[in-house]
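Beneath this line is the structure, given in structure tokens, with notes to follow.
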Amino acid sequence: DVKVTQSSRYLVKRTGEKVFLECVQDMDHENMFWYRQDPGLGLRLIYFSYDVKMKEKGDIPEGYSVSREKKERFSLILESASTNQTSMYLCASSLGPVSSGANYFTNSYEQYFGPGTRLTVT
Amino acid sequence: AQSVTQLGSHVSVSEGALVLLRCNYSSSVPPYLFWYVQYPNQGLQLLLKYTSAATLVKGINGFEAEFKKSETSFHLTKPSAHMSDAAEYFCAVTYTGGGNKLTFGTGTQLKVEL
């Protein structure tokens, strides 16, 4: 079974602090994602990465940065936490394209999620 | 760009009754569609997925969904609700060339009453 773990389930930080959220997956997945989840808004993509040291902005990247130095680990960084960043943060991973023969790839697109980190910024 | 709309942010059913959670998608190319479930204080778990094979997809816990291109829908059903089905359900869409990203709906909270 794929396992995605997140460093903390609950976190309380003060305004202005630098916050690190860590995510680790154990299935050699190419892609990793960070979402925030807020009531009535569903999941919104913050950043994603499709390879080591590669990152792309999602829909709401402002106020966040990410780091992927190793394939299994994807970190979300809040440079200066603010109260409007109080939220549930979810990490996910997916396998990515798999070769099925010469020049033919399949992709399941299925994402596997960690348990989430509930961050409160006071 | 693709999107999904989940009609009804809260749905309440009696135990043993039919569960119907609605999802409509918008995509200019053939979509891949997913339903996820989230139990309180947990991450999301995949219920089922449509990847252009059979239009009726069966998932875990007795859930199924039918892809209807003419209606651009992918509604989730279960014939008989159980108390343990109480959770939040999310529909999501992507497509080939979509950069491996999923676009999620805003979720439907399912309540099951005795």
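Read-outs: derived from the displayed coordinates by stated rules, not from any lab. Small disclaimer: the values here were computed from a predicted structure and weren't measured. Every residue, glycine among them, receives a Cβ derived from its backbone with ideal geometry; neighbour counts consider all protein chains shown.
Observations on the model:
- Neighbouring partner chain Cβ atoms per residue of B:42-48, average, 10 Å criterion: 5
- Of the GluC sites (Glu not before Pro) found in the range B:46-114, the ones in coil according to DSSP and having at most 16 other Cβ atoms within 10 Å of their Cβ are B:GLU71.
- Listed cross-link partners B:LYS78/B:LYS111; A:LYS13/B:LYS101; A:LYS3/A:LYS71; A:LYS13/A:LYS55 are compared with a 19 Å cut-off, the Cα-Cα value being larger for A:LYS13/B:LYS101; A:LYS13/A:LYS55.
- Shape category assigned to the protein assembly as shown from the gyration tensor of Cα positions, a/c cut at 1.5: oblate
- Here the protein assembly as shown is treated with +1 on each Lys and Arg Cβ and -1 on each Asp and Glu Cβ, and its dipole about the Cα centre works out to around 300 debye.
- Student exercise, the range B:2-86 dipole from Lys, Arg, Asp, Glu Cβ charges, in Debye to nearest 20: 200 debye
- About the centre of its Cα atoms, chain A shows a dipole size close to 380 debye [charges on the beta carbon of Lys, Arg (+1) and Asp, Glu (-1) only; nearest 20 debye].
- The mean number of partner chain beta-carbon atoms within 10 angstrom of a residue's beta-carbon across peptide B:103-109 is 4.
- Computed 3J(HN,Hα) for the range A:12-19, one whole-Hz value per residue from the Karplus formula 6.51 cos²θ - 1.76 cosθ + 1.60 where θ = phi - 60°, is 10, 10, 9, 3, x, 6, 8, 10, glycine and proline marked x.
- Cβ-based net charge around B:GLN42, under 11 Å, with every Lys or Arg adding one and every Asp or Glu removing one: 0
- Under 5 Å between amide hydrogens, built in the peptide plane, is the criterion, and for A:THR86 it picks out A:VAL121 among residues at least 5 positions away or on other chains.
- Between amide H atoms placed 1.01 Å from N, distances below 5 Å from B:TYR95 occur with B:TYR32, all of them 5 or more places distant or on a separate chain.
- Rounded to the nearest 5, the antiparallel percentage of DSSP beta bridges internal to the protein assembly as shown is 90%.
- Between B:ALA81, B:ALA53, B:ALA92, the GNM of chain B built on Cα springs shorter than 10 angstrom shows B:ALA53 fluctuating the most.
- Prolate/oblate/rounded label for chain B (Cα gyration tensor, a/c 1.5): prolate
- Alpha carbon centroid spacing (whole Å) that separates the range A:1-63 from the range B:70-90: 27 Å
- Neighbourhood charge, 13 Å Cβ-Cβ cut-off, centred on A:ALA92 and excluding it, Lys, Arg +1 and Asp, Glu -1: +2
- Summing +1 for each Lys or Arg and -1 for each Asp or Glu among the other residues whose beta-carbon sits under 10 angstrom from that of B:VAL112 gives -2.
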